[in-house]
Amino acid sequence: MGVISPLVIRDPVPGVPPSDADSVLTGRREAAMNAERSSRGPRLMTVSGGASQPTVSSATPHRSATPARTAASGTTSTTAPAVDPRDPAAAPGPTGQAPVVGADLLRPSEAQLARLRRVAAGEEEADLVIRGGLVVAVHSGAVAARDILIVGCYIAAVTKPGTLAGRRSLDAAGRFVLPAYVDAGLRVEETLLTPGELARLIVPRGTVTLVTDPAVLVALGGLRGVDLVTGSSTPLRVLVRAGQVPGRQVPGTGAPAAPVVEVPPIPPASALTALSSVGAAPVKSSATEAGGLLWAAGSGAEPVRGRARSVAELATVGHLDHDVRLAVGRGMGQIDAIRRFSLLPARRHDLEPTLGSIAPTRFADLQVVSSLAGTAPPDVVVAGGRIAAECGRPLFDNLDISPAWATSRTRLPANLHAGSFTSLGLRRSHRQDASVVVVSVDPPRDPGTAPPVGGPARALRMTGTGQVSGLSHPRGLRTVRVEPTLRDGWAVADPSRDLLKIAIFGRDGSSDEIDVGLLRGCGLTRGALAVTTAEPPGHLIVVGARDDDMVTAARALEGMGGGYVVVDQGWVRAACALPLLGVMSDAPWEAVLGELAAVDTAAADLGCRLPFPLRTLAGWGCALYTRP
């Protein structure tokens, strides 16, 4: 029948990486396989006169930049261009180091396998056939013209063009067919979007699966925070790493997952009793023994962290498709770059049997592109066997409904007023040394790079005296001692000297304690800025030149449920509402993008010279404060 890869039904050979086309029907002998193994791994083959001949030799890559057709002996074969000699076969690499919850449930059931076998044997028609595309085998780096037969959400076979039939077909002749990307580093809340809106942005760019760390959402909303990111009805598949959902049983194992080690919302003052709404324990460390608590962002629970991205970067620059182009621009081979963001993250998280490559029994997550590592979005994106996007446009709507429990969870300390933004640490009367310790901000040198919304992975300490301090200041911040402007014996904000007040407090209403200090280098000449997306989670940060504007900014965030706000002379000049746990918007991504631009412009109009002002402040988080 000329079937190249009807169905994977046997265990892989130990120590030998499987090929995307390496499979055989039940009962067929190993000799019947039309895949050849070489020193560089398996290669896709065509069938001619009963003998298998390789269409593309990985040892002699083509250097053409576009698909080429050659005629020989009255037959037409499609050669694979742009196979770079720097594209090696994938090394074995780490496998299953960070498995996800329910990975075994992604595999086809016995009934689905039975139908896949019948379609692969030609006994039934496939639901969808992608015909004649140049299929990229990410295991080996080979490329050849093949048909891909899809049944339901799985691939049934990868065959010689025209071998088997289907009810519907998609012509991919002259174009490349790649596996969809797998992002194993993105935290959903960092994008400021719900999963449904995030899907509208990244699925058209070729990303169909996210493996995420829900620690922040669990800290803010308990176990329901996990459901907030995994319950979308859109084509985006969001998976959670095993061992990061406390008390939740891992399907198929009968054993509970390991507990989350991060400490959920910690009031920034001395009230440190409510550690967790889901039973998480504080991190055991010298900081704990010394009377403080350590909130470790990504400590051990997050073995691989990608670059944080907000909606602004995703909408203007791109997602993993942009990372592929960057990798190629830095010298990596095209297929090797594609493998890096498809097969390798799937392998690392024990998802290789179902994701990351084009082979039978894998999910039909594919992208059809005109050129490898090109700047244009994929011509077609197939997610779970369904066409989900075309030419950069999603072919689905976000119909997800935000849960009521996740909204209006930002509450201010009781009786907050302008006098709340002072502290004994700012009192300088009757002191020989009137100088104070402040955090000095050095604006990033690259203003074109958006900062991470949740900040880099770092550890912040809560001391027993109520001081929040960084174990080490992140880049761009340093601690200095300055002579403040005094009024009635108290150090006050003085915009003319670039000295502002900063206040940090919990936003769950459980504590009246507020940490107040001074900040230098922000550049704000009037008004106030406030954010709720800072790390550690559960904090509200206000920076301002006037105490009354700081109160207005805090109350505005309480009314919105969280987000970013810019206030001047008692009026809200611009705001970006993030009502879901104070870190995500329930609005369309286009509206969020416009609101972010508005708050950045308003902050700049008030003299703030930081790039992406509110996101930058949120990224630094509680490291912006030190005891005066």
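The values are calculated or read from the model by the stated rules, or taken from the named source; none is laboratory data. Fair warning: this is a prediction, and the values are worked out from it, not measured in the lab. Every residue, glycine as well, gets a Cβ built from its backbone with ideal geometry; the counts of neighbours run over all protein chains shown.
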**OP:** Could you list all residues from segment 585-618 that are among the polar types (S, T, N, Q) and either in a loop (DSSP other than H, G, I, E, B) or in contact (Cβ under 8 Å) with a residue 40 or more places away in the chain (or both)?
**Re:** SER585, THR616
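Listed here are the residues, each with its yes/no results for (1) closer than 30 Å to ILE514 by Cα; (2) in contact with a strand residue (DSSP E or B) (Cβ under 7 Å, 6 or more places away or on another chain); (3) modelled with pLDDT under 90; (4) of a type in the set (Gly, Ala, Ser).
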site	(1), (2), (3), (4)
GLY306	no, yes, yes, yes
ARG325	no, no, no, no
GLY333	no, no, no, yes
PRO353	no, no, no, no
VAL369	no, yes, no, no
VAL382	no, yes, no, no
ALA404	yes, no, no, yes
ASN415	yes, no, yes, no
THR422	yes, yes, yes, no
Original post:
For PRO588, are the conditions met, namely being farther than 13 Å from LEU540 by Cα, buried (at least 24 other Cβ atoms within 10 Å of the Cβ) and not hydrophobic (A, V, I, L, M, F, W, C)?
Top reply: no
Original post:
Is segment 129-149 home to any residue that is surrounded by 19 or more Cβ atoms within 10 Å (Cβ to Cβ), assigned to a helix (DSSP H, G or I) and touching a Ser or Thr at 6+ places or on another chain (Cβ under 7 Å)?
Top reply: no
Original post:
Do we find that ALA530 is surrounded by 24 or more Cβ atoms within 10 Å (Cβ to Cβ), out of contact with any helix residue (DSSP H, G or I) (no Cβ under 7 Å at 6 or more places or on another chain) and among the small types (Gly, Ala, Ser) in this structure?
Top reply: no
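Before we move on, is ALA337 without any contact (Cβ under 8 Å) to a residue 40 or more places away in the chain and surrounded by 19 or more Cβ atoms within 10 Å (Cβ to Cβ)?
yes
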Subject >> Residues located in segment 205-240, provided they are within 19 Å of LEU343 (Cα to Cα), surrounded by fewer than 24 Cβ atoms within 10 Å (Cβ to Cβ) and over 13 Å from the mean Cα position of the chain (by Cα) >> reply: ARG205
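Going by the conditions given, is SER469 modelled with pLDDT under 90 and assigned to a strand (DSSP E or B)? Don't jump to the end; show me each part of the working.
Values: modelled with pLDDT under 90: yes; assigned to a strand (DSSP E or B): yes.
Judged against the criteria, SER469 is a match.
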Original post:
In segment 568-579, is there at least one residue being of a type outside the set (Gly, Ala, Ser), outside any strand (DSSP E or B) and without any contact (Cβ under 8 Å) to a residue 60 or more places away in the chain?
Top reply: yes
Subject >> When residues of segment 604-615 are limited to those that are buried (at least 24 other Cβ atoms within 10 Å of the Cβ) and not hydrophobic (A, V, I, L, M, F, W, C), the one nearest to VAL583 (Cα to Cα) >> reply: ARG615
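For every residue, the table says whether it meets (1) without any contact (Cβ under 8 Å) to a residue 12 or more places away in the chain; (2) farther than 16 Å from LYS501 by Cβ; (3) in a loop (DSSP other than H, G, I, E, B).
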{"site": "VAL516", "(1), (2), (3)": "no, no, no"}
{"site": "GLY523", "(1), (2), (3)": "no, no, yes"}
{"site": "ILE541", "(1), (2), (3)": "no, no, no"}
{"site": "GLY559", "(1), (2), (3)": "yes, yes, no"}
{"site": "GLY582", "(1), (2), (3)": "no, yes, yes"}
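Scanning segment 477-514 for residues that are assigned to a loop (DSSP other than H, G, I, E, B) and in contact with a His (Cβ under 9 Å, 6 or more places away or on another chain), which turns out modelled with the lowest pLDDT? Before you say what the answer is, go through the steps one by one.
Let us first name the residues in segment 477-514 that are assigned to a loop (DSSP other than H, G, I, E, B), namely 483-484, 488-489, 493, 498, 507, 509-514.
Then drop every residue that is not in contact with a His (Cβ under 9 Å, 6 or more places away or on another chain), which leaves 489, 507.
On the way: GLY489: 80, ARG507: 88.
Residue satisfying both the conditions and the ranking: GLY489.
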**OP:** Just name the residue that is surrounded by the most Cβ atoms within 10 Å (Cβ to Cβ) out of those in segment 305-334 that are without any contact (Cβ under 8 Å) to a residue 12 or more places away in the chain and in a loop (DSSP other than H, G, I, E, B).
**Re:** VAL317
